[in-house]
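Engineer: Structure incoming, see below.
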Ligand code: GAR
């Protein structure tokens, strides 16, 4: 059974989708939900499900990213995860941190990578007049939002879409895609999932 640590920054809907899927014959189980924000709503939701939680407030460390990451690493190392899932985790991690989990850290990003790495993905897709949007699960490497793609799901951009409506449609697909990718990945299969 693979051990999974999940990192969140906010509501944690992707975290919940993953946690709910990790039951029964699933090859993995959640061992930790950690956040850089002690107020992240997802922490309470994870704790209510009986999952150990940890908060390491990045603001305490100012610009000292190495000190933040050292503190974040403590609860993670203590639960000895096989896989790390970034699930709405909004801090950029250093090459050193990423390197510790080479080939076993995943992220979900709300665009059809390589299009629109970084922030404001939906606004950028709308501004470009794209006919399709979507989400991508990828392996995390030192380059932001650029690691090998493990899954992608597409949704149409509809007439009258604004950022919020498009985000909602993409998020619904995130909740299907990420569990499908993790299930496959945890069983040792890195073949991309396309929805
Ligand atoms: C999701 O849309 C996720 O793809 C995005 O933040 C949202 C988190 O929602 N992640 C990023 O933008 C990563 N750079 P959630 O907390 O409800 O899962």
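Engineer: If you fit an axis through the alpha-carbon atoms of helix 65-78 and take the longest principal axis of the Cα set of the chain, what angle between them do you get, 0 to 90°, nearest 10?
Structural biologist: The helix 65-78 is inclined about 70 degrees to the chain.
Engineer: With runs of 4+ DSSP H residues as the only contributors, calculate the mean residue ellipticity of the chain at 222 nm using -39,500 (n - 2.57) per run, divided by the residue total and rounded to the nearest 500. Working shown, then result.
Structural biologist: Numbers: 6 runs with 68 residues, N = 195.
The helix contribution divided over the chain gives -10500 deg cm²/dmol.
Engineer: Then there's this: When only alpha-carbon atoms count, how far does region 108-148 stretch along each of its three principal axes, as whole angstroms with the largest first?
Structural biologist: For region 108-148, the Cα extents along the three principal axes come out at 30, 14, 12 Å.
Engineer: Once fully extended, how much extra length lies between residue 66 and residue 80, figured as 0.36 nm per residue of separation less the alpha-carbon to alpha-carbon distance? Display every interim value, and only then the final one.
Structural biologist: On the way: separation 14, 0.36 × 14 = 5.04 nm, distance 2.02 nm.
Separation in residues times 0.36 nm, less the Cα-Cα distance, equals 3.0 nm.
Engineer: Then there is this: Between residue 165 and residue 57, what length comes free when the chain is fully extended (0.36 nm per residue of separation minus the Cα-Cα distance, one decimal in nm)?
Structural biologist: Gain on stretching residue 165 to residue 57: 35.8 nm.
Engineer: Could you work out how far helix 163-186 tilts from the main Cα principal axis of the chain, as a 0 to 90 degree angle to the nearest 10?
Structural biologist: Roughly 50 degrees between the two axes.
Engineer: Ratio of alpha-carbon Rg to the 2.2 N^0.38 Å globular estimate for region 26-183, to two decimals, please.
Structural biologist: 1.08
Engineer: Then there is this: To the nearest µm²/s, what D does Stokes-Einstein give for region 54-138 at 4 °C and 1.567 mPa s, using the Kirkwood radius over alpha carbon pairs as Rh? Mind dumping the intermediate values first?
Structural biologist: On the way: Rh = 14.7 Å.
After rounding, the answer is 88 µm²/s.
Engineer: Something else about it: Assuming R0 = 35 Å, what is the FRET efficiency of residue 120 and residue 47, from their Cβ-Cβ distance, to the nearest 0.05? Show your work: numbers first, answer last.
Structural biologist: Numbers: r = 31 Å, r/R0 = 0.89.
Efficiency computed from Cβ-Cβ geometry: 0.65.
All of the numbers you see were taken from the coordinates with simple rules; none came from a lab. The structure presented is a predicted model; accordingly, all values stated were derived computationally and were not measured. Note that each Cβ is placed from the backbone with ideal geometry, even for glycine, and that neighbours are counted across all protein chains shown.
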